[in-house]
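Shown next, in structure tokens, is the structure this report addresses.
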Amino acid sequence: QVQLVESGGGLVQAGGSLRVSCAASGSTFSIAAMGWYRQAPGSQRELVATITRGGETNYADSVKGRFTISRDNAMNTVYLQMNSLKPEDTAVYYCNARTFIRNYWGKGTLVTVSS
């Protein structure tokens with residue numbers, strides 16, 4: 001089992017920056033990749049960025065060049081640095097951990113970008 005707890009969400013003005021964090025606990029040795037997804041009101045959950053244990057990253061086109069995902073070496077914590085935020089980035093951001101058996105999800109942290 002893997003438990004995920006997000007932190008760092010909040011209210012920021014357009015053009016500002018915010019960093020959200022996700023702390024993993026439990027069987028973290030089984031995690032192959034971690035990532036961030038987001039869900040805006042009335043929309044489906046969508047991929048934001050992922051990072052593998054080996055450090056390979058993947059980003060949604062909408063955040064490339066603005067967001068950066070990183071992790072500690074033990075894969076216990078993953079970060080999402082968000083710069084040049086836009087109102088359309090407003091959403092609940094969910095942390096995801098993928099093992100060879102299943103996916104795990106955090107409860108989410110709300111990011112609100114005001115115009």
> Assuming R0 = 25 Å, what is the FRET efficiency of ASN103 and SER17, from their Cβ-Cβ distance, to the nearest 0.05?
Replying inline: 0.30
>> Roughly how far apart, in whole Å, are the Cα centres of region 1-31 and region 40-78?
In response: 11
> What does the charge add up to near GLY35, with Lys and Arg as +1, Asp and Glu as -1, over the other residues with Cβ less than 13 Å from its Cβ?
Replying inline: +2
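For a quick check of your reading of the filter: which GluC sites (Glu not before Pro) in region 45-115 sit in a DSSP loop and have no more than 15 other Cβ atoms within 10 Å? Please list the in-between numbers first.
Numbers: sites: GLU46, GLU56, GLU88; in loops: GLU56.
Taking region 45-115 and a limit of 15 other Cβ atoms within 10 Å, the loop GluC sites (Glu not before Pro) found are GLU56.
Using a 1.4 angstrom probe with every protein chain in place, what is the largest-first accessible-area order of TYR93, TYR59?
Order by accessible area, largest first: TYR59, TYR93.
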>> Among GLN3, SER62, PHE100, which residue has its Cα furthest toward the positive end of the charge dipole of region 1-106, with +1 on Lys/Arg Cβ and -1 on Asp/Glu Cβ?
In response: PHE100
> Ignoring ligands, DNA and RNA, what percent of the 1.4 Å accessible area of the chain is carbon and sulfur?
Replying inline: 48
> Once Rh for the chain is found with the Kirkwood sum over Cα pairs, what is the Stokes-Einstein diffusion coefficient at 4 °C and 1.567 mPa s, in µm²/s?
Replying inline: 93
> For SER115 and ALA60 in the same chain, what is the full-extension length gain: residue separation times 0.36 nm, less their Cα-Cα distance, in nm?
Replying inline: 17.6 nm
> So how far apart, in nm, are the two label points at GLU46 and LYS86 if each is 7 Å from Cα heading toward Cβ?
Replying inline: 0.9
> What longest range of the chain stays clear of loop-exposed trypsin sites (Lys or Arg not before Pro) (DSSP non-H/G/I/E/B, at most 12 other C-beta within 10 angstrom)?
Replying inline: 1-63
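The values are calculated or read from the model by the stated rules, or taken from the named source; none is laboratory data. A quick note: this is a predicted structure, and the numbers were derived from the prediction, not measured. Heads up, the Cβs are rebuilt from the backbone with ideal geometry, glycines too, and the neighbour counts pull from every protein chain shown. Heavy atoms of the whole protein, side chains included, go into the accessibility calculation; ligands, DNA and RNA do not. Shrake-Rupley method; radii C 1.70, N 1.55, O 1.52, S 1.80 Å.
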